[in-house]
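Everything on this sheet refers to the single structure shown next.
The values are calculated or read from the model by the stated rules, or taken from the named source; none is laboratory data. Quick caveat, the model's predicted, so the values are computed rather than measured. As a convention, Cβ positions derive from the backbone with ideal geometry for all residues, glycine included, and neighbour counts pool all protein chains shown. Side chains included, ligands, DNA and RNA excluded: accessible areas come from the protein's heavy atoms. Shrake-Rupley method; radii C 1.70, N 1.55, O 1.52, S 1.80 Å.
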Amino acid sequence: MNFSAGSLLAVVASSVLQNVQSECVKNGFDLTFQGSCNYSNILNKFEEVFDNPVNRADGCNSTAEEELTILLGGGDIDATIRSICAESVDNFSSLDFDDIPKAGPDFVREYYNGNTEWNEEHETNFPLDGHGNPTNILRSRNANGRNIYGDAGNVQNVYDGLAQYGVISWPGHLSNFELDKCTTNAAMCCWPSDRQANDNNGNCAAPYDAECEDSDPGDNTNLCYVDFEKGVLSTGFAGTGNSVHNGDDGNGQYEAEGPIHCHGFAWANDESDFTSSYKANNLFYVSMYDHMSQRGYVRNIQGAPMCACTEQMPIVSRSDCTQVDVEEEFEIHYDGGQWSGKLAKVYIDFNACEGFDRRGNNDNNDLWAYMNRLYREGKITIDQLMEIGKVLVGDDPD
């Protein structure tokens, strides 16, 4: 695996523990390993250090596992390891989410609520720019095929760089994504509009001014119910009420809700789990890159934010889902009294979720099924799985 130069940057995150006198290990040491940062991988590498007579004092009767427990200060060893691992990722060279559009501090907030030029415009010949080219282009490459330009040109640059080889910070300052209100551990976007032609998604077509005025995304769900109060923190709608959608007409026209496309992702409760560490990368990929930049899917369902934690989103039958698959390299250092962790390299691949349906059968690219997998793996609780079932209700909620 080749890593970009930026991925080699790392910031040491120190976790100071009780300075315990070891009976066996005489010096400090470094543990470098590929894979998840967890107790098992740290113990495996420590065993190599422990088994080397140069590192071990004479008369040592402890096992490697017992010695590691002593060096970690005793107590809740799993919690200590999680702390070291989480801090290692949190302090890796990262990108602030608000810096992605390069459009000011309020742009991301407005984008996720269904506003800004990314959502409200489409390519047009009225007017042309000073060179006779269309305006309001979402993204395009120049003649040499290398440089990206357009209203969302930097999205491609972020995807090619830190989205895959670094860490993006979670936008928890936005009401859409405040983690203390995002207790289900899932987020989702729902789009009712398509603004980009020639990408094999949705029905926006060229010429834009004639064929993309009111275009639809690929329909992958049924919109059931919008509770206006659920999204009030993000939409700013001060009243109460709801809208009920009895069913999809099934023909892509304008009865019922019309075509709607929903896509989401989920993460584990353990902050050091890779699904949690890189959840902001996944948010960027699902919303800004894969659906807006690559497919042109935009706008929000009336009365709801375009993207938010599922607690704020409309009730729908289902949602597509993306998971992150991660390759990591960690360097864990012990200096004789303190532990520190360093994430040295990371590569993130974005793929359709692999999950299980209600009968335990494989069910991929489905957000509820992925949450069911996380529950089966002990990464979320039954209560969280029940909560997502109140938002993704299936085609027959009875």
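Can you find even one residue in the stretch 131-140 that is aliphatic (A, V, I, L, M), farther than 15 Å from ASP98 by Cβ and under 15 Å from the mean Cα position of the chain (by Cα)? Within the stretch 131-140, not a single residue is aliphatic (A, V, I, L, M), farther than 15 Å from ASP98 by Cβ and under 15 Å from the mean Cα position of the chain (by Cα).
Quick one: in the stretch 149-178, of everything that is open to solvent by 40 Å² or more (accessible area, probe 1.4 Å), free of Cβ contacts under 8 Å to residues at least 60 places away in the same chain and not in a loop (DSSP other than H, G, I, E, B), which residue is nearest to TRP368 (Cα to Cα)? Checked the stretch 149-178; the qualifying residue nearest to TRP368 (Cα to Cα) is ASP160.
Cβ-Cβ contacts under 9 Å between residues 6 or more apart (or on different chains), taken from a first residue in the stretch 318-338 that is modelled with pLDDT of 95 or more and among the small types (Gly, Ala, Ser) to a second residue that is open to solvent by less than 60 Å² (accessible area, probe 1.4 Å) and not in a strand (DSSP E or B), are listed as SER319/ASN220; SER319/THR221; SER319/THR310; SER319/MET313; SER319/ASP366; SER319/LEU367; SER319/TRP368; SER319/VAL391.
When the residues of the stretch 350-387 are filtered to those that are touching a Gly at 6+ places or on another chain (Cβ under 9 Å) and farther than 30 Å from ASP160 by Cα, the one that is least open to solvent (accessible area, probe 1.4 Å) is ASN372. Only residues that are buried (at least 17 other Cβ atoms within 10 Å of the Cβ) and among the small types (Gly, Ala, Ser) were counted across the stretch 219-236, and they come to 2.
Being acidic (Asp, Glu) and in contact with a Lys or Arg (Cβ under 9 Å, 6 or more places away or on another chain) holds for only one residue in GLU117, GLU123, and it is GLU123.
Within the stretch 267-301, if we keep just the residues that are in a loop (DSSP other than H, G, I, E, B) and farther than 26 Å from ASN200 by Cα, the residue that is nearest to the chain's Cα centre (by Cα) turns out to be TYR278.
Is at least one residue of the stretch 345-362 closer than 30 Å to ILE81 by Cα and assigned to a helix (DSSP H, G or I)? No, because not a single residue in the stretch 345-362 is closer than 30 Å to ILE81 by Cα and assigned to a helix (DSSP H, G or I).
Of the residues making up the stretch 189-205, those that are surrounded by fewer than 24 Cβ atoms within 10 Å (Cβ to Cβ) and of a type in the set (D, E, K, R) number 1. Residues that are without any contact (Cβ under 8 Å) to a residue 12 or more places away in the chain and closer than 27 Å to ASP106 by Cα within the stretch 180-212 comprise just one, ASP180.
Each row is one residue, and each column tells you yes or no for (1) at pLDDT 95 or above; (2) more than 28 Å from VAL232 (Cβ to Cβ).
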site: GLY252; (1), (2): no, yes
site: PRO259; (1), (2): no, no
site: LEU283; (1), (2): yes, no
site: MET288; (1), (2): yes, no
site: TYR297; (1), (2): yes, no
site: GLY303; (1), (2): no, no
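Put simply, of ILE332, ILE348 the only residue that is touching a Phe, Trp or Tyr at 6+ places or on another chain (Cβ under 6 Å) and not aromatic (Phe, Trp, Tyr) is ILE348.
When restricted to residues that are in a loop (DSSP other than H, G, I, E, B), surrounded by 24 or more Cβ atoms within 10 Å (Cβ to Cβ) and not aliphatic (A, V, I, L, M), the stretch 302-338 contains 3. Search the stretch 96-112 for residues that are touching a residue at least 12 places away in the same chain (Cβ under 8 Å) and pair each with any residue that is basic (Lys, Arg) when their beta-carbon atoms are under 7 Å apart and the residues are at least 6 apart or on different chains. Final answer for the pair search is none.
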